[in-house]
Amino acid sequence: MFTRIHHVGIAVSDMEAALSLYGATAGAALLEREPSRDGTMEIAMLRLEEEGGGGLIELLSSRRADSAIGKFLERRGEGLHHLAFEVEDIEAALVRLKEEGYRLVDESPRPGAMNSRIAFLHPKGTGGALWELVEEAKERDS
Ligand code: CO
């Protein structure tokens with residue numbers, strides 16, 4: 001089962017303005033900012049102060065009009081893009097959800113931010129909200 005809300009993904013048209021909004025105004029600290037693996041998007045992950053319970057916010061901006069976020073911005077404008085749930089075992093979660101009839105965007109996990117592994121479900125099967133599953137990088141003994 002899902003263990004917690006891992007992060008909230010927000011589509012933004014102006015990354016600098018969004019970083020100021022969620023950084024300076026909301027007080028979240030920038031953890032990582034980098035292009036998506038295919039280079040079509042820019043992704044920034046921010047964390048709220050732990051005293052407030054923590055929580056991650058993922059800002060997504062487009063570098064090309066035909067990227068997933070570019071199309072989303074054109075269709076829906078800026079705003080809430082996806083809800084990411086943490087799971088212990090992403091392969092097991094995908095097998096179970098597929099067996100239960102959910103449509104998977106990703107049949108197998110792909111690399112996510114901060115060495116996590118992620119997979120998306122199709123929003124038509126999840127009440128209109130795009131779901132992302134996240135399995136965080138496991139601590140490895142060195
Ligand atoms: Co995400």
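The values are calculated or read from the model by the stated rules, or taken from the named source; none is laboratory data. None of the values given here were measured: they were computed from a predicted structure. Virtual Cβ from ideal backbone geometry, glycine too; neighbours counted across all protein chains shown.
Being among the acidic types (Asp, Glu) and surrounded by 13 or more Cβ atoms within 10 Å (Cβ to Cβ) is the filter here, so list the residues in region 54-91 that pass it. Reasoning before the result, please.
Filtering region 54-91 for residues among the acidic types (Asp, Glu) gives 58, 66, 74, 78, 86, 88-89, 91.
Of everything in region 54-91, those that are among the acidic types (Asp, Glu) and surrounded by 13 or more Cβ atoms within 10 Å (Cβ to Cβ) turn out to be Glu58, Glu78, Glu86, Glu91.
Looking across Glu136, Glu132, one residue alone is within 12 Å of the ligand (Cβ to nearest atom) and in contact (Cβ under 8 Å) with a residue 60 or more places away in the chain. It is Glu132.
Filter region 93-122 down to residues that are surrounded by 15 or more Cβ atoms within 10 Å (Cβ to Cβ) and part of a helix (DSSP H, G or I) and give me whichever is nearest to the ligand (Cβ to nearest atom).
Ala113
Being within 14 Å of the ligand (Cβ to nearest atom), of a type outside the set (Gly, Ala, Ser) and modelled with pLDDT of 95 or more, is that true of even one residue in region 11-26? Within region 11-26 (the criterion being within 14 Å of the ligand (Cβ to nearest atom), of a type outside the set (Gly, Ala, Ser) and modelled with pLDDT of 95 or more), the answer is yes, since at least one residue qualifies.
Can you say whether Ser67 is in contact with a Ser or Thr (Cβ under 8 Å, 6 or more places away or on another chain) and at pLDDT 95 or above, as far as the supplied structure shows? Here the answer is no, as Ser67 does not meet what is asked.
Contact annotation: residue pairs with Cβ atoms under 8 Å, 6 or more positions apart or on different chains, pairing a residue in region 54-69 that is over 12 Å from Asp38 (Cα atoms) and without any contact (Cβ under 8 Å) to a residue 12 or more places away in the chain with a partner that is of a type in the set (A, V, I, L, M, F, W, C) and away from the ligand (no atom under 13 Å from the Cβ), are Gly54/Leu48. Residue pairs whose Cβ atoms lie under 7 Å apart, separated by 6 or more positions or on different chains, with the first residue in region 9-29 and hydrophobic (A, V, I, L, M, F, W, C) and the second loosely packed, with under 13 Cβ neighbours inside 10 Å and part of a strand (DSSP E or B), are Ile10/Gly79; Ile10/Leu80; Ala11/Gly79.
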